[in-house]
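Only one structure is covered here, and it is reproduced in the block below.
The values are calculated or read from the model by the stated rules, or taken from the named source; none is laboratory data. Note that the structure is a prediction, hence the values are computed from the model and not measured. Cβ placement follows ideal geometry from the backbone for every residue including glycine, while neighbour counts extend to all protein chains displayed.
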Amino acid sequence: MWGDVAIAFLLAFIVAFMATPYTIKIAHKIGAVDVPKDERRMHKKAMPKFGGPAVILGFLVAVIYLIIVMSMENTINLWGPDKYGMKLLGMLIGTIILSITCIIDDIKPIKPITKLAGQLLAAIVTVAFGLRIGEISFFGSAQANEIVSMIITVIWIVGVTNAINLIDGLDGLASGISVISAVSLLVIFVLNGSPLISIILVASLAGALVGFWPFNFAPAKTFIGDTGSNFLGYSLSIISILGAAKTYTIAVIVLPLIVLGLPIFDTLWAIIRRLIKGKSIKAIFKADKGHLHHRIVAKGFGQKQAVLILYGISATFGIFAVILLDSGIWKALSFLLMVIVAISLGYKNFKEEHSDMQKFECVECKYIYNPKYGNEKAGIKPGTEFDDLPDEWVCPVCGEGKDMFQKQS
């Protein structure tokens, strides 16, 4: 098994790493470039957003190669009772549908409802090819349970797809969280004795993401785009079902829910927040600056710091799920309590450090630059020290340059 895992990871890594520079060139040629036109976007310059196809290519090459080799070795039976061949075919067709929808969106933005329709179609096709969240007994008849299972599976796929898509707001955030989630699921699958095909799939996804990640982490050379972020959520949702296919529903739902807890919570909160604010279903589709990464940056953290914080939270969820599976609820809760204490102490130190930031005063108009608040209108985030301000930054009151400022005594 570990040989298969190593090959899946490395092959996906190599393909994605080599393909990403080409996707950057293609992005400029086809117009898949993200130009910051509003304050919600955290980047300040045009950025290619076509990294998704590189990740998808790395994933597919690794999976197809391993399936061929394993079939020749008779270590996997795609057409046996579990019908993995049909499920993988459904996943492939769903990936194509989703990719076409999102590539169009990356080139020329489409309406959110249109993108949702593409997500739904991909999920329905996947379910039609046999993928199910099984062992559900809400009703007396098998037929009713089958219908419930199909509906829940579609909701799960579409929900996780959107969760990863919505958290994609900072350099390397969606790709990094997806790597952490994939590695967490890999450990859970190994401990749980999950089907080998699910282990190969998640190892391939992790490898492809690690190959893309150097181009995506701050300062990013490219974004993963809607094509990539949608594929990440879509594939993680399917792999999580395949990985727990022979266990009880509690493992199918709860462990992946915990592993993907951060993006899922962010998405649910976004829906609630937008419904309350907009007071209509249409408001759900309106983007805002209320996501977790926006709020962390607004607290005074830099973008890299915010990404690393969210990585840490995501890793905490993943480790919690692993401990819960392997050692039980009390050890998992003990781990969580220790993490909460450590975070509380760290945030206290951060606040004390930032409360002592040096203020600077304009000698011409007496405007005081306070790093605690930054200069939002000029794109300067809270927590930015005076020395870190761009050279072209000027006093927002009188227009004098940085050389006309002096430390406030």
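Scan (1) assigned to a helix (DSSP H, G or I); (2) aliphatic (A, V, I, L, M); (3) over 11 Å from G52 (Cβ atoms) for the single condition L232 breaks and write down its number.
(3) is the only condition that L232 fails.
Kindly indicate the residue of segment 182-217 that is assigned to a loop (DSSP other than H, G, I, E, B) and small (G, A, S) and also farthest from the chain's Cα centre (by Cα) among those meeting that condition.
Checked segment 182-217; the qualifying residue farthest from the chain's Cα centre (by Cα) is G193.
Here's a check for you: in segment 1-37, which residue that is at pLDDT below 90 and within 22 Å of the chain's Cα centre (by Cα) is surrounded by the fewest Cβ atoms within 10 Å (Cβ to Cβ)?
Among them, the one singled out is V35.
If a residue has to be among the polar types (S, T, N, Q) and within 16 Å of T227 (Cα to Cα) to count, how many in segment 157-212 make the cut?
The qualifying residues number 5.
Return the pairs, sorted by first residue and then second, in which the second residue is in a helix (DSSP H, G or I), the first residue lies in segment 319-334 and is free of Cβ contacts under 8 Å to residues at least 12 places away in the same chain, the beta carbons are less than 8 Å apart, and the residues are 6+ apart or on different chains.
K331/I323
Go through (1) within 26 Å of A8 (Cβ to Cβ); (2) surrounded by fewer than 17 Cβ atoms within 10 Å (Cβ to Cβ) and name the single condition I103 misses.
It is condition (2) that I103 fails.
Return the only residue of L78, L98 being within 30 Å of L131 (Cα to Cα) and assigned to a helix (DSSP H, G or I).
Sole residue among the options that is within 30 Å of L131 (Cα to Cα) and assigned to a helix (DSSP H, G or I): L98.
Before we move on, is G140 assigned to a helix (DSSP H, G or I) and either within 21 Å of L11 (Cα to Cα) or modelled with pLDDT under 90 (or both)?
No.
Can you spot a residue in segment 167-189 that is in contact (Cβ under 8 Å) with a residue 12 or more places away in the chain, of a type outside the set (D, E, K, R), closer than 30 Å to I113 by Cβ and surrounded by fewer than 22 Cβ atoms within 10 Å (Cβ to Cβ)?
No, that holds for no residue.
Within segment 287-321, which residues are among the basic types (K, R) and in contact with a Lys or Arg (Cβ under 6 Å, 6 or more places away or on another chain)?
Listed by number, the list holds a single entry, K289.
Taking the stated definitions as given, is L166 modelled with pLDDT of 90 or more and under 14 Å from the mean Cα position of the chain (by Cα)?
no
Pairs please, first residue from segment 216-239 and assigned by TED's automatic domain parsing to the domain that holds N165, second anywhere and among the aromatic types (F, W, Y) and assigned to a loop (DSSP other than H, G, I, E, B), Cβ atoms under 9 Å, 6+ apart in sequence or on different chains.
Every condition considered, the pairs that remain are N216/F223; T222/F50; F223/F50; I224/F50; G225/F50; T227/F50; G228/F50; S229/F223.
Counting only residues that are without any contact (Cβ under 8 Å) to a residue 12 or more places away in the chain and on the phi > 0 side of the Ramachandran plot, which one in segment 357-409 is surrounded by the most Cβ atoms within 10 Å (Cβ to Cβ)?
G374
From A315, A245, A220, grab the single residue that is modelled with pLDDT under 80, surrounded by fewer than 23 Cβ atoms within 10 Å (Cβ to Cβ) and aliphatic (A, V, I, L, M).
Unique residue meeting the criteria: A245.
Does segment 56-67 contain any residue that is at pLDDT 85 or above, more than 18 Å from N230 (Cα to Cα), surrounded by 14 or more Cβ atoms within 10 Å (Cβ to Cβ) and not hydrophobic (A, V, I, L, M, F, W, C)?
Looking for residues that are at pLDDT 85 or above, more than 18 Å from N230 (Cα to Cα), surrounded by 14 or more Cβ atoms within 10 Å (Cβ to Cβ) and not hydrophobic (A, V, I, L, M, F, W, C), one finds at least one in segment 56-67, hence yes.
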